[in-house]
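Enquirer: Dumping the structure here so I can ask a few things about it.
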Amino acid sequence: MDQIRGVDFHFDIMCPYAYQTSRWMREVRDATGVDVRWRFFSLEEVNRVEGKKHAWEREWSYGWSMMRIGAYLRRQDMDLLDRWYLVAGQALHEDGRKPHRPEVAEALLGEMGLDPAIVSKAIEDPTTGDEVQAEHDAVLAKGGFGVPTLVFGDGQALFGPVLVNPPTGAEAVRLWEHVTGWLEFPNVYELQRPKTRADIDTIATAFAPYLEARDWFSVQRDTP
């Protein structure tokens, strides 16, 4: 198999699993030089209950609005989106802060050395929502249903890897090699490790800051 030179990493800042996988993806990028292109996917939209407003119909929608800020930053530099995802992700999933609230999002941008007014600029520009929508729809068109989703240059998409306490260094690269090895077998659809009580306790511990900070009810749907 040819060396993988780049990957589209679709995420929603609200998702604790996507955040864990993004930490691993950064390790892989730093060790191998693979080009990571951060893209969006909305859990609010894919899990929307019939009759409820779409994320874009609300003045402010948690993950959707944070990704619109990311889209605004990405127009200047992909590295700014990379930093925004890292800073907002750490705030929610490690520090128990609430970056999904406008005033906290503004504070985080200030801590990054950026203008807090970017929040209002991103939300006032309807085309930032168009970008999120287009990338969300691109995953759905491939049969995708959640995050993290990786999309490769040949068009193949993989959901996952779903992990906590992500590996680092050489172990991160080994996992990358195993994951991308799946691309050689397009008719392999699923491999899943059953979770023991100890596994669930480990996940609960890792996700404790997120569970404390969230202002929404998480939906766990069965995969197709």
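Listed here are the residues, each with its yes/no results for (1) under 15 Å from the mean Cα position of the chain (by Cα); (2) charged (D, E, K, R); (3) not in a helix (DSSP H, G or I).
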site: ALA134; (1), (2), (3): no, no, no
site: VAL139; (1), (2), (3): yes, no, no
site: GLY143; (1), (2), (3): no, no, yes
site: GLY146; (1), (2), (3): yes, no, yes
site: LEU150; (1), (2), (3): yes, no, yes
site: GLY155; (1), (2), (3): no, no, yes
site: PRO161; (1), (2), (3): yes, no, yes
site: PRO167; (1), (2), (3): no, no, yes
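Enquirer: Still on this structure, I have one more. So which of PRO194, PRO116 is open to solvent by less than 80 Å² (accessible area, probe 1.4 Å), assigned to a loop (DSSP other than H, G, I, E, B) and not aliphatic (A, V, I, L, M)?
Expert: PRO116
Enquirer: Same structure, new question: When you go through ARG174, ARG214 one by one, which is the residue that is free of Cβ contacts under 8 Å to residues at least 40 places away in the same chain and either out of contact with any strand residue (DSSP E or B) (no Cβ under 8 Å at 6 or more places or on another chain) or of a type in the set (Phe, Trp, Tyr) (or both)?
Expert: Answer to the selection: ARG174.
Enquirer: Does PRO148 satisfy the criteria of being over 18 Å from MET67 (Cβ atoms), touching a helix residue (DSSP H, G or I) at 6+ places or on another chain (Cβ under 6 Å) and surrounded by 15 or more Cβ atoms within 10 Å (Cβ to Cβ)?
Expert: Considered against the rule, which asks whether it is over 18 Å from MET67 (Cβ atoms), touching a helix residue (DSSP H, G or I) at 6+ places or on another chain (Cβ under 6 Å) and surrounded by 15 or more Cβ atoms within 10 Å (Cβ to Cβ), PRO148 comes out as no.
Enquirer: Specify the residue that is nearest to TRP64 (Cα to Cα); the eligible residues are those in the stretch 5-25 that are open to solvent by 20 Å² or more (accessible area, probe 1.4 Å) and in a helix (DSSP H, G or I).
Expert: Filtering first and then ranking leaves TYR17.
Enquirer: Then there is this: Quick check on LEU81: is it modelled with pLDDT of 95 or more, farther than 15 Å from CYS15 by Cβ, touching a Leu at 6+ places or on another chain (Cβ under 7 Å) and assigned to a helix (DSSP H, G or I)?
Expert: yes
Enquirer: Where residues in the stretch 76-94 are in contact with a helix residue (DSSP H, G or I) (Cβ under 6 Å, 6 or more places away or on another chain) and open to solvent by 30 Å² or more (accessible area, probe 1.4 Å), which of them is farthest from PHE217 (Cα to Cα)?
Expert: Only one residue fits best here, namely VAL87.
Enquirer: I'm trying to understand the selection: among the residues of the stretch 7-25, which are hydrophobic (A, V, I, L, M, F, W, C) and either out of contact with any Asp or Glu (no Cβ under 7 Å at 6 or more places or on another chain) or at positive phi (or both)?
Expert: VAL7, PHE9, PHE11, ILE13, MET14, CYS15, TRP24, MET25
Enquirer: (1) farther than 14 Å from ALA134 by Cβ; (2) in a helix (DSSP H, G or I); (3) acidic (Asp, Glu): which one isn't true of GLU59, the others all being true?
Expert: Going through the list (1) farther than 14 Å from ALA134 by Cβ; (2) in a helix (DSSP H, G or I); (3) acidic (Asp, Glu), GLU59 breaks only (2).
Enquirer: If you go through the stretch 26-71, how many residues are hydroxyl-bearing (Ser, Thr, Tyr), under 28 Å from ASN165 (Cβ atoms), crowded, with 18+ Cβ neighbours inside 10 Å and out of contact with any Asp or Glu (no Cβ under 7 Å at 6 or more places or on another chain)?
Expert: So the answer is 0.
The values are calculated or read from the model by the stated rules, or taken from the named source; none is laboratory data. This structure is a prediction, so every number in the text was calculated from the model and none was measured. Here Cβ is always computed from backbone atoms with ideal geometry, including for glycine, and neighbour counts include all displayed protein chains. We work out accessible area using only protein heavy atoms, side chains counted, and drop any ligands, DNA or RNA first. Shrake-Rupley method; radii C 1.70, N 1.55, O 1.52, S 1.80 Å.
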